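Reading through the structure tokens given below for one structure.
The values are calculated or read from the model by the stated rules, or taken from the named source; none is laboratory data. None of the values given here were measured: they were computed from a predicted structure. Using ideal geometry, Cβ is built from the backbone for each residue, glycine included, and neighbour counts are taken over all protein chains shown.
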Amino acid sequence: MRRRPDHYDFHIPCVPGRLKNWTRRIGYDRVDRLRRGIVDLVSYQLQAPLAAVSGKRIAFVSDLHYRGGEAQREVAAKLRDYLLEFRPELLLIGGDVCADSDTTGLLPEVLKPLADAVPLALAAPGNWERGKNWIPAERWRELFRSGGCDIGFNEFRTVGGFQIFCPEDPVCGNPVLPGEWLKDKVRIVLAHNPDTVIALDEPGKTAPHLALCGHTHGGQIRLPFIGSIFAASIYGCALDYGLYRRRISRSVMIVSSGTGNGSFPWRFNCRREMVLIEFL
């Protein structure tokens, strides 16, 4: 089994005690599942931080670990079906889109149909992208752009009523604190790893309204009445899945189980999913 990372692996200062600032409000069995199948569509309804985004929808998907093949193509086709059915304003992708180095050429195959179904698609790098440190960021930009998708490396993107910050992965990349947030935009951190959100949760810094994360795969193996038994996080399974709230700022963090597989080539009792977020 993979070694669980610890805070000494991070390239940014990490204070593990900050986890106590966050509490899980919706767990794996309580989330609203709008659609079920080879990949589910789960839904969260959030109070709009600003009136300008009330009624808007965004979709989030992470950890495709795409290698091609019939099964993964069927999953990608179902993701596209959900986008066409619910018409979100944005598709946000939480990293680990590719699998191994020899599959990077397949990125357009999986990204283009998804990007064509939405007004804009934006990704953050995961550990599988930044872990391939011989591939420079500009090459990743080219690959994602060929699939109709933008990708940010410790960068902001502003789209409509949203300002989105895309930090790098904390173990394989070099994440930094966000710069100045715009006051008239909904602040979103699109981070591959929920540990990144905790690491960036510095006192005195402006907190995001929403953080979207993957990486944990929901544990990938979930036992009845117990839940996940392992998650690739310095916090064990505490951040494996669900909706979390920050006690002071009331920030919301959503951790998704994603669609692909990591070290294990299969899942047990753990769904593949896309997340749909609607602002009320």
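Show the residue pairs that are 6+ apart or on different chains and have beta-carbon atoms under 7 Å apart, the first residue being within segment 23-44 and in contact (Cβ under 8 Å) with a residue 12 or more places away in the chain and in a strand (DSSP E or B), the second being buried (at least 19 other Cβ atoms within 10 Å of the Cβ) and aromatic (Phe, Trp, Tyr). Close Cβ pairs (under 7 Å, with a partner that is buried (at least 19 other Cβ atoms within 10 Å of the Cβ) and aromatic (Phe, Trp, Tyr)) amount to Thr23/Tyr244; Arg24/Tyr244; Arg25/Tyr244; Arg35/Tyr82; Leu41/Tyr82.
Taking first residues from segment 89-114 that are within 9 Å of Leu143 (Cβ to Cβ) and assigned to a helix (DSSP H, G or I) and partners that are modelled with pLDDT of 90 or more and basic (Lys, Arg), the Cβ contacts under 9 Å between residues at least 6 apart in sequence or on separate chains come to Thr104/Arg139.
Taken over segment 16-47, the residue count meeting the criterion of being at pLDDT below 95 and either over 20 Å from Cys237 (Cβ atoms) or basic (Lys, Arg) (or both) is 2.
The residues of segment 228-246 that are in contact with a helix residue (DSSP H, G or I) (Cβ under 7 Å, 6 or more places away or on another chain) and not in a loop (DSSP other than H, G, I, E, B), listed by number, are Ser228, Arg246. From the residues in segment 60-70 that are out of contact with any helix residue (DSSP H, G or I) (no Cβ under 8 Å at 6 or more places or on another chain) and in contact (Cβ under 8 Å) with a residue 24 or more places away in the chain, which one is farthest from Gly161 (Cα to Cα)? This residue is Ser62.
Per-residue answers, yes or no, for (1) closer than 26 Å to Arg30 by Cα; (2) surrounded by fewer than 22 Cβ atoms within 10 Å (Cβ to Cβ); (3) in contact with a Cys (Cβ under 8 Å, 6 or more places away or on another chain):
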position	(1), (2), (3)
Tyr44	yes, yes, no
Gln47	yes, yes, no
Ala51	no, yes, no
Ser54	yes, yes, no
Arg57	yes, yes, no
Ser62	yes, no, yes
Tyr66	no, no, yes
Phe86	yes, yes, no
Glu89	yes, yes, no
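Inside segment 126-153, residues that are among the small types (Gly, Ala, Ser) and either closer than 15 Å to Leu91 by Cβ or touching a helix residue (DSSP H, G or I) at 6+ places or on another chain (Cβ under 7 Å) (or both) make up a count of 4. If I filter segment 177-195 down to residues being out of contact with any Gly (no Cβ under 9 Å at 6 or more places or on another chain) and closer than 17 Å to Pro16 by Cα, which single residue comes out as surrounded by the most Cβ atoms within 10 Å (Cβ to Cβ)? Filtering first and then ranking leaves Asp195.
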